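Structure, as structure tokens:
The values are calculated or read from the model by the stated rules, or taken from the named source; none is laboratory data. Quick caveat: nothing in here was measured; it's all calculated off a predicted structure. Glycine gets a Cβ as well: all are built from the backbone with ideal geometry, and neighbour counts include every protein chain shown. SASA here: full protein model, heavy atoms, side chains in, ligands and nucleic acids out. Shrake-Rupley method; radii C 1.70, N 1.55, O 1.52, S 1.80 Å.
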Amino acid sequence: MRKLVVLGGGYGGMRVIERVLGHQLQDISVTLVDRLPYHGLKTEYYALAAGTVSDRDIRIDFPDEIDYIYGQVTDIDTEDKMVLLASGEKVPYDDLVIGLGCEDKYHNVQGAAEFTYSIQTLEESRKTQQAINGLRPGSVVSVVGAGLSGVELASELRESRPDLTVRLFDRGPSVLSFLSNRVSMYVQSWFEEHGVEVINNANITRVDADGLWNHEDLFPSDLTVWTAGIQPVAVVRNQGWELDGGGRVKLTEHHFVPGLPDVFVVGDNASLPYAPSGQLAEAQAEQIVQVLLCKWKGVNYPELPDIKLKGTLGSLGKKAGFGVFMGKQSLTGKVARLLKSGILWKHKVIK
């Protein structure tokens, strides 16, 4: 029995498991290692933090047909082919898929790690929700980073807590300018109309318990949420593998670590020609399964096509949204929000 071990039940890890199970292989066992007993819909963590959805709304149960080990991965021994856990347990593997996700990147900003909240994990999003719920009316919430997560959090927070002052600090001249000019202008206008203060061309230089410094100016803040960058988890960054400028692992064309044909890396930890996303992780996972199936059959690896993404969708509260499809066509308003809701529903009910 050949043992496939998947580290992390995120979008990439779940897609690998689902596709392998679909082939009903009798000589392959599948083990998932994760801290939690369910898959969290990370694209919706902003809504949990803002208090507009419950914890249960953004969880999906893992399939019953595999083995589970719940714990924190502390190291990977590729020589003896073992995964080491914080409990001291060692998990042997024949093939390994690493999908451990990411953590916040603070860019050496003083106080950012100590005095900001996060939405990178389900546990951190819960803590952020509790802190926001405890704020008094009139409090100021600062969101640092106006990428997709920051925009969705700020807009959702505006709807869930209209009594709060919400500030969004954007490093660029306009929010989401990397998507399209139409989307950027629409989102910027939505924030202006709904009373979210957007500070463009921001450069956060320091954070403390009472506020944050943009350039040399102090902005008082009762609570600050950091959404200004991510990096692979430390256990992956510290393996000694070749990394790109973002700390992600450089891989062969078949998605395994060079020199380690039994170790595949998926999702936020992998160096790919796109920004990390759930969609990208799932598309890469599909290709990893193709390679694994060929490996297990003892045949040549397939020639893999370039990964092509369908587009990006985002929400502005519960009634508006935006999207860019195939890098060209832009969509804004209620239809974009409905499309995002439909994709979320499909992900939850169709395995």
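Only Cα pairs under 8 Å and 6+ residues apart enter the sum, and on that basis the relative contact order of the range 106-228 stands at 35 percent.
For a Förster distance of 45 Å, can you work out the FRET efficiency between the beta-carbons of residue 65 and residue 108, rounded to the nearest 0.05?
0.50
So if I take the centroid of the Cα atoms in the range 16-85 and the same for the range 141-155, what is the distance between those two points in Å? Their Cα centres are 27 Å away from one another.
Between residue 193 and residue 126, 0.36 nm times their residue separation minus their Cα-Cα distance comes to what? Walk me through the numbers before you get to the answer.
On the way: separation 67, 0.36 × 67 = 24.12 nm, distance 2.89 nm.
Between residue 193 and residue 126, full extension yields 21.2 nm more.
With Cα atoms defining each centre, the range 213-234 and the range 242-321 are spaced 29 Å apart in the structure.
Spherically averaged projected area of the convex hull of Cα atoms, the range 78-172: 9.3 nm².
The three principal axes of the Cα atoms in the range 106-228 give end-to-end lengths of 36, 31, 27 Å, sorted in falling order.
Using Cα pairs closer than 8 Å and at least 6 residues apart in sequence, work out the relative contact order for the chain, in percent.
Details: 710 pairs, mean separation 60.9, N = 351.
Taking the mean separation of contacting Cα pairs over the length of the chain, I get 17 percent.
Amide H contacts of residue 143 (H built 1.01 Å from N, in plane; Pro and chain starts excluded): 167, 168, 169, 225 sit under 5 Å, all sequence-distant by 5 or more or on other chains.
Which helices pass in the chain if a helix is a full DSSP H run, must span at least 20 angstrom along its long axis by Cα, and must have mean Kyte-Doolittle hydropathy not below 0.0? Don't jump to the answer; show the numbers that get you there.
Working: long enough: 278-297 (29 Å, 0.11); 334-349 (23 Å, 0.04).
Within the chain the helices that satisfy the rule are 278-297, 334-349.
To check you understand DSSP bridge types, tell me what percent of the beta bridges within the range 106-228 (both residues inside) are antiparallel, rounded to 5. Let's see the in-between values first.
Working: 8 of 22 bridges.
Percent antiparallel among DSSP bridges in the range 106-228 is about 35.
For the chain, excluding the exposed loop sites themselves (chymotrypsin sites (Phe, Trp or Tyr not before Pro), DSSP loop, at most 14 other Cβ atoms within 10 Å), the longest remaining stretch covers 1-177.
Put simply, the Cα atoms of the range 164-236 extend 37, 35, 23 Å along their principal axes, the longest span coming first.
Where does the chain land on Rg/Rh, using Cα atoms and the Kirkwood Rh? Before the final figure, lay out the partial values.
Details: Rg = 20.8 Å, Rh = 21.2 Å.
Value, to two decimals: 0.98.
Accessible surface for residue 343 stands near 100 Å², nearest 10, in the context of the full protein assembly shown (1.4 Å probe). Dipole check for the chain: with +1 at the C-beta of Lys and Arg, -1 at the C-beta of Asp and Glu, and the Cα centre as origin, the magnitude is about 1140 Debye. If the segment from residue 55 to residue 139 were pulled out straight at 0.36 nm per residue, it would be longer than the present Cα-Cα gap by 27.8 nm.
Spacing of the modelled spin labels on residue 36 and residue 275, each 7 Å from Cα toward Cβ, amounts to 2.3 nm.
If R0 is 41 Å, what FRET efficiency do you get for residue 23 and residue 75 from their C-beta distance, rounded to 0.05? Before the final figure, lay out each step's value.
Working: r = 31 Å, r/R0 = 0.75.
Calculated value: 0.85.
Near residue 138, once Lys and Arg are set to +1 and Asp and Glu to -1 for all other residues with Cβ below 11 Å from its Cβ, the sum equals 0.
In this structure, residue 3 and residue 174 have a Cβ-Cβ separation that, at R0 = 45 Å, corresponds to a calculated FRET efficiency of about 0.35.
When GluC sites (Glu not before Pro) are flagged only if DSSP places them in a loop and at most 16 other Cβ atoms lie within 10 Å, the longest unflagged stretch of the chain comes out as 90-215. Length available on full extension from residue 307 to residue 294: 0.36 nm per residue minus the Cα-Cα distance, which gives 2.8 nm.
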